[in-house]
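Single-structure report; data block below.
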Amino acid sequence: MLDLIWLLPTFPLLGFLVLVLTAGKLPKPIVALIGAGSVGASFLLAALIAFQFANGGEDHYVREVWTWMAVGDFRSGFSFYLDGLSMVMMLIITGIGFLIHLYATGYMADDPGYSRFFSYMNLFVAAMLMLVLGDNLVLLYLGWEGVGLCSYLLIGFWYTNPENGYAARKAFVVTRVGDTSMAIGLFLLFAQLGTLNIQDMLSAAETEWAVGSGFAIAASLLLLGGAVGKSAQLPLQTWLPDAMAGPTPISALIHAATMVTAGVYLIARTHVLFELAPDVQMLVAWIGLITLLMAGFTALTQSDIKRVLAYSTVSQIGYMFLGLGVGAWSAAIFHLMTHAFFKALLFLASGTVILSLHHEQDIFKMGNLRKKLPVSFLSFLIGSLALTAFPFTSGYFSKDEILLGALALEGVGTWLWLGGVLGAFFTGIYTFRLFFLVFFGESRGHEPDKEVGGWHMNGPLYLLMVGALLAGFLHLPLEAVFNHGEAFEEHHVSALVHGFMIASPLIGIGVSYLFYMSGSLSVAGLMGNPLSRLLHRFWHSGWGMDWLYDRLFVFPFLWLARINRADLIDRCYGVLVELSRAGNELLVRTQTGYLRWYALSVVGGLVLIVSLGVLL
Amino acid sequence: MESIPYEHGLILASILFSLGLIGVLTRRNIVFVLMSLEIMLNASGLAFIVAAARWGHAEGQIMFLMILTLAAAEVAVGLGLIIQMYRRFQTVDINVLSEMKG
Amino acid sequence: MILVALIAILFVGGLLAWASERINPALPKYLALLTILLDLLLMTQLLQAEPDGAWLALIDVEWLPRFGIGFFLAADGLSTLLLLLTGFLGLMAIGSAWEEIKERSGFFYFNLLWTLAGVLGVFTALDLFLFFFFWEVMLIPMYFIIAIWGHENKNYAAMKFFIFTQVTGMLMLISILVLAYFHYVQFGAFSFDYRDLLNVSTSGRLEFWVMLGFFIGFTTKLPSVPFHSWLPDAHSQAPTAGSVILAGVLLKTGAYGLIRFAVPLFPEASLAFAPVAMALAAFSILYCAKVAFAQTDIKRLIAYTSVSHMGFVTLGVYAWNEQALQGAVMTMLAHGLSAAALFMLAGGLQYRIHTRNMPDMGGFWPRVPRMATVAVFFSIAALGMPGLGNFIGEFLALLGAFKANIPFTVLATCGVIFAAVYSLWVIQKVFHGEFRNEGFEESSLADLNRREMVYFAAMMIGLVWMGMYPQSFLDLSAGSLNNLLAGTQELLALAQE
């Protein structure tokens, strides 16, 4: 069974090929069957493989399908590497991916680009599986770029609106900045260690590089560049909120559950490098912390239901980075998994809400929907509880582990922990702000006729609800992957600390209740003074990062492009042309056509020569 | 026989040559231009003869004979061209023939 | 013999095509097709040939023995790959000209086939005199193709193309002659034979200038900044088939020249010059990517991206190690296909709607879904998507170059960001957004027909093959590249003693 691992990405890839080659001529049920079925088949196979692998007792399993390229001492194969980490990822991708595909068969039912949509989705799943199963960094890079491409295609899926196109290009280009950094990292690793096979490379790094050596710092920094791009962390986080222009199942699959966590996967996969560069690892933690706080503030001010969720995704990935940074590798991956469940749930539920309201996304135009949209209400309730780490939901366990991991760190750990707890407090506020505004209070505008649904939309929601509630009780088989000195062991922390961690999101929910349910506190009152209005605008714009980047990079580039449209260098040759033309005109002047003039010039020349001869 | 000093001969030749040149440069009537050219040719011929007499060589005389024949040929061709020109342009003004200007 | 046959078939086929126009104006294209197919068939023979030393095929007869000039053609793995590329793209060019060229078709196919013959000669000639002869042969028919069948500004473009390549070709000729003279000084006889010239000791100041003559000759063809400015004009004015041959094949002769001649003949001077060349390459990549983004003429835009991509070739060649060279060769092959396909798409658009101006277009996707899909495919190939040929080339080139020079490689790598910017911009402008048709009828916008689908499919398969299983190409060129590497290392070692 294990040697069939190559079939995992092949199923969705075949689905993609069939859908592309038939170019939308297939009837919708068949498209749905191929689109969702191929991912479903992958999931079944993945489950079987995982079962066999878990019972096999092996640490890892490698299968090379063919040699991709071998040039001199460089070699890279199409080979798959299965261990606990890639197994978890592969199950998340195929499992949640399948649920989202299933949901999308209903969600996209009226879209003319039905077949195109599923072809991209299938390609995405194939690329994502390549990313997590590749045993060398080049194959990982293939998946890495492939998911970026699918993300681009799917964000710009409704291409008639230029804004969607802009968002899609922004996503691709911003992540490509990170990808470029990662590519340079690959070159550096190969130049120094002579291999790009992940396991060989890591063991070579361990033996050849000392802790804190320059190469280790450079390499891990460059890989971190790739990770922050893909995972929408500071300073490359600006693309993710705009990426919500795509259809909602895309936001669930790519921009919440799977692709954006690729950066977390990359760092976890190459964690040995980061352990060799403790400063960089600390940087990862700080990036995570700052991002999670910044995104939390921004989420507070958004009015678009999907943008709130997008910022919360950025924030939650910030937690994962925090976990990675403090060395709580398994906790970060654990959070990755629980987050995949509850964030997919939230996005899909928001999809149902949006569709039921005929593509209304403004939460201030919703309200009192809990009776009209019962399934979405339940989904949102469970998803929001898990997101805010309500005790004994899945998010609680994973976030807890990360925060405890931070606390276990000597020195700055306490600060990181405190920041994380503060973030949890904000998570409570913005999540339930959304929840209360959408499902309680007065109806503000839209009255849905009925909730869209059907088994293929509601089924995935119920399954994800179960996951969001119970995934925290799962145990991930990651010990073998992170066996070298995981920082986080069983720490005994005081009840007070635990109390803090449980209380902070609850207080956040309470604050949210006071503002948006009971009305004891009012936003309008807060907005009364100009400073808070300014702050609101600042946070609403995502801390002005877009503004800043526009001025730092986009405008100068556009300016340079505009002034040099005609190619300066070509103009230089133009000068050459003008010079010779001017020379021509000058000489042409002498050809007057008058015989006398010619005779005179002959005489003049003679006189000149003779007098020169006489004088010299 | 007391010979004329060759300097005198050369001075005469150069005066004639200059006159011819001035004629070529200033006249607009092409017939006069041709005549001025003849004067220049003969001036150079005179210079050859004077030089030949001075050094007692025959080459000067030979050159003069050649110039003479050359001048004859030139006049023949030149006059032919002038007639053609007159036929076509109805004028003998040399400035009319400036079509070759750049 | 097979090499002579390859070239002769094209020469004869060209003449026949020209002559056949009097019988029937539709005849030349069939004759041209037949000629190319025959050539391709012969080339497959080359793949099965038993190698004779380093060469798969070789012919060496005396021509002008007094000056050491011989008729010396030879093909190794590297040449064979490029011959195959030439044949394949020749086929594509005929396909793209099939409906577009209606006037004087006989003379057109004559020029096309003769250009290809010149290119085949360039890829196989190993006598430098003969090499220069073929270099000129491929130039003049190309001039006619642009000047006769080009678009609105064709004379300017054709003249610019001609002057650039001719002037720098002269520089190269001077260098060739000086090199032959060096041989005379050192060995007492003139020789233009590549094998002899490799032994000429070339170190010193003068040799540097001689090397520069080659470098300028080849980088003008490649092209690289600052000798690139003929390319956008030539491409935007040339008919589609002309662009295909220009971008797909003619540019590669420059790259081939660098690999085969410029570096191996002058290892020391090249080693000293490498940082400058790599800086030029990195600058070329970034600068032309930026200029490309600003263009509104779709063919000009693609032309600038070509210059940008060729920068990776220069970078790879001057890094001069196995990965980098293989990367350069793969980039040549993959870019040959992707750029040719993009020009064919642009040409197809122009044939339909008679404009190349992107602001007049928009939202074509639902009208021409097949064309849009194909365009997206080749755009993402051009921006270096892994799994397609261009990625393999650029990745290997950069991987190798990183060992040789870190700062310029890092700069060059940043070029892929800009590649994403302009590629996606084209897709956005032409295929996404609201439908726009300024200055043309909506009905004139027809989707790709069967003939077009066939050749685009062929090129797509080619790119996926290169991207997924590049080993079949890498293995073919590995032998010759390693020979070149070993040769220069030997010379460098000798020089150091």
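The values are calculated or read from the model by the stated rules, or taken from the named source; none is laboratory data. Since the structure is predicted, the reported quantities are computational estimates derived from the model, not experimental observations. When we count neighbours, we look across all protein chains shown, and the Cβ atoms used for this are built from the backbone with ideal geometry, even at glycine. Heads up: the accessible areas ignore ligands, DNA and RNA and are worked out on the full protein's heavy atoms, side chains in. Shrake-Rupley method; radii C 1.70, N 1.55, O 1.52, S 1.80 Å.
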Expressed as a whole-number percentage, the relative contact order of chain B with C-alpha contacts under 8 angstrom and at least six residues apart is 27
Within 10 Å of the Cβ of an average residue in A:176-185, the count of other chain Cβ atoms is 5
For chain A, longest principal axis from Cα atoms; helix A:495-513 axis from its Cα atoms; angle between them, nearest 10 degrees, is 80
For peptide C:284-295, the mean count of other chain Cβ atoms within 10 Å per residue Cβ is 4
Rounded to 0.05, the calculated FRET efficiency for the beta carbons of residue A:161 and residue C:8 at R₀ = 60 Å is 0.55
Buried accessible area between B and A, both sides, 1.4 Å probe, in Å² rounded to 100, is 900
Under the 7 Å Cα-to-Cβ spin-label approximation, residue A:563 and residue C:271 lie apart by a distance in nanometres of 4.2
The relative contact order of chain A, taking Cα pairs under 8 Å that sit 6 or more residues apart, comes to a percentage of 12
Asked for the total accessible area buried by A and C (1.4 Å probe, Å², nearest 100), one would answer 4700
Counting Lys and Arg as +1 and Asp and Glu as -1 over every other residue whose Cβ sits under 13 Å from the Cβ of residue C:344, the net charge comes to 0
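Keeping all protein chains in place, calculate the accessible area per residue for the stretch C:1-265 (probe 1.4 angstrom), answer in Å².
Per-residue accessible area for the stretch C:1-265 comes out at 35 Å².
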Of A:552, A:189, ordered by accessible area with the largest first and a 1.4 Å probe, the sequence is A:552, A:189
Computed from the beta carbon distance with a Förster radius of 45 Å, FRET efficiency for residue A:466 and residue C:450 to the nearest 0.05 stands at 0.30
Once A:284, C:12 are ranked on solvent-accessible area with the largest value leading and a 1.4 Å probe, the list reads C:12, A:284
Net charge (Lys, Arg +1; Asp, Glu -1) of residues whose beta-carbon lies under 10 Å from that of residue C:56, residue C:56 excluded, is -3
In terms of the alpha carbon gyration tensor, root eigenvalues a ≥ b ≥ c, rounded if a/c is under 1.5 and otherwise prolate when a/b exceeds b/c or oblate, the stretch C:1-265 is oblate
Computed ³J(HN,Hα) along the stretch A:114-120: with the Karplus parameters 6.51/-1.76/1.60, θ = phi - 60°, integer Hz and x for glycine or proline, the list is 3, 5, 4, 4, 6, 5, 4
Stretched fully, the stretch from residue A:208 through residue A:55 gains (0.36 nm per residue minus C-alpha distance, one decimal, in nm) 51.6 nm
Relative to chain A, whose Cα atoms define the longest principal axis, helix A:214-230 and its Cα axis are tilted in degrees, nearest 10, by 70
Expected sort for B:26-37, C:320-331, A:399-410, B:8-19 on mean C-beta neighbours within 10 Å, highest first, is C:320-331, A:399-410, B:26-37, B:8-19
Of C:162-173, A:255-266, C:449-460, A:99-110, ordering from highest average Cβ density within 10 Å down gives A:255-266, A:99-110, C:162-173, C:449-460
For the stretch A:214-275, averaging the sequence separation of alpha carbon pairs under 8 Å that lie six or more residues apart and dividing by its residue count, the contact order in percent is 44
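Hey, any idea what % of the protein assembly as shown's accessible area is carbon plus sulfur with a 1.4 Å probe?
Details: 31880 of 46490 Å².
Ligands and nucleic acids excluded, carbon and sulfur reach 69 percent.
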Given backbone amide H placed at 1.01 Å from N, residues whose amide H is under 5 Å from that of residue A:67, ignoring those fewer than 5 places away on the same chain, are A:78
Taking only protein heavy atoms and a 1.4 Å probe, the highest-to-lowest accessible-area order of A:479, A:360 is A:479, A:360
Residues whose modelled amide H sits under 5 Å from the amide H of residue A:75, counting only those 5 or more places away in sequence or on another chain, are A:196
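Set the Förster distance to 30 Å, then compute FRET efficiency between residue B:29 and residue A:589 from the Cβ-Cβ distance, nearest 0.05.
That pair, residue B:29 with residue A:589, gives E of 0.70.
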Honestly the stretch A:252-293 on the Cα gyration tensor test (a ≥ b ≥ c root eigenvalues; a/c under 1.5 rounded, otherwise a/b vs b/c for prolate or oblate) is just oblate
For the stretch C:175-180, in residue order, the Karplus 3J(HN,Hα) values (coefficients 6.51, -1.76, 1.60; θ = phi - 60°; whole Hz; Gly and Pro = x) are 4, 4, 5, 5, 5, 5
From the Cα centre of the stretch A:157-174 to that of the stretch C:46-74, the distance in Å is 55
Diffing the stretch C:290-297: the Karplus 3J(HN,Hα) column from phi (6.51, -1.76, 1.60, θ = phi - 60°), in whole Hz with x for Gly and Pro, holds 5, 5, 4, 4, 7, 6, 10, 7
Accessible-area loss of at least 10 Å² (1.4 Å probe, chain alone to full protein assembly) applies in the stretch A:36-80 to A:66, A:67, A:68, A:69, A:70, A:71, A:72, A:73, A:74, A:78
From the cross-link list A:28/A:170; A:25/C:299; A:306/C:290; C:252/C:403, the entries with a Cα-Cα span beyond 27 Å are A:28/A:170; A:25/C:299; A:306/C:290
Straight-line reach check, residue A:399, cutoff 16 Å on alpha carbons, 8 or more apart in-chain or any other chain, hits among lysines -> A:343
Mean per-residue count of partner chain Cβ within 10 Å for A:197-206 equals 0
Which residues qualify? For residue A:369, with a placed amide H closer than 5 Å and at least 5 residues away or on another chain, they are A:439, A:440
Output ordering of C:469-482, A:81-94 (per-residue mean of other Cβ within 10 Å, highest first) is A:81-94, C:469-482
Note to self: with every protein chain in place and a 1.4 Å probe, chain A gives an accessible area per residue in Å² of 38
For chain A, longest principal axis from Cα atoms; helix A:162-193 axis from its Cα atoms; angle between them, nearest 10 degrees, is 80
